[in-house]
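Worksheet: one structure, shown below.
Quick note: the coordinates plus some simple rules give every number you see, no bench work behind them. This one's a predicted model, so the numbers in the text were calculated from it and none came from an experiment. Ideal geometry is used to build each Cβ from the backbone, glycine not excepted, and the neighbour counts take in all protein chains shown.
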Amino acid sequence: MRQTVLAVILVAAIGSAAPGQDSKAASDLRQYYSGKFGFYSPGDGLNNGLLFGVDGITEFIRHSFFLSGAIDLYFKQTFGFFRPSSPDVTSQSIVLLPLHANFGYQVFDVPTADTRGYVGIGGGYYLYFYSVDYRVTSGLLGIPEARSATRNGGNVFGTFFARVLIGKIFVEPRYYIGSKKEDKVENHTFVVDPAGFAITLGFQY
């Protein structure tokens, strides 16, 4: 239930950034959507891979800061996060969804180059969805038996970032400071650790 409520709040935050303000508000606010993709190096056990994300931004021009709501996506099939040993895995996949709200402060503005820079912090809740097919040996004859399992869960995390926007294109380095989540398949323990670094290229409009 807590996961669902947090997801609804963050999606609502993104939706609140939709264009459509009146002329007076337009003089004080900028509102955007953006999409991004890039490289993500997560915590121990989850291999490097691609990260995709979308966010909605409301920028308070006179006060030089913005608020945003964001959803990121990481999908991977090759990794090893069981500790200390794993089952006989034949196939597996994990989807990691960090949902977060952010505060960004403008640190420079070069109007003649249509370039702005921001630094900021944020926090939220990540969800993971894990599925695995594996074999176990049972019985006196030691015949392998195929099994499958699914697990899901999540935990809170923090983040800090920078964004350099040139026209409608931006580059965003971001650190994720995650809380690990532990679960089991059979008697094998695995640990989901989203803490890591990402650098993405995006388009803001």
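Per-structure values
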{"item": "Dipole magnitude (debye, nearest 20) for the range 119-205, charges at Cβ of Lys, Arg, Asp, Glu", "result": "260"}
{"item": "Enclosed volume per residue, in Å³, of the convex hull spanned by Cα atoms of the range 164-205", "result": "87"}
{"item": "Reach of Lys168 by Cα under 16 Å, taken over lysines that are not fewer than 8 positions away in the same chain", "result": "Lys36"}
{"item": "Overall form of the range 118-205 per C-alpha gyration tensor (a/c, 1.5; a/b vs b/c)", "result": "prolate"}
{"item": "Long-range tail of P(r) for the chain (Cα pairs > 31 Å, %)", "result": "30"}
{"item": "Debye, to nearest 20: dipole size of the range 45-173, +1 on Lys, Arg Cβ, -1 on Asp, Glu Cβ", "result": "160"}
{"item": "Label-point separation, Leu29 to Ile61 (7 Å along Cα→Cβ), nm", "result": "1.3"}
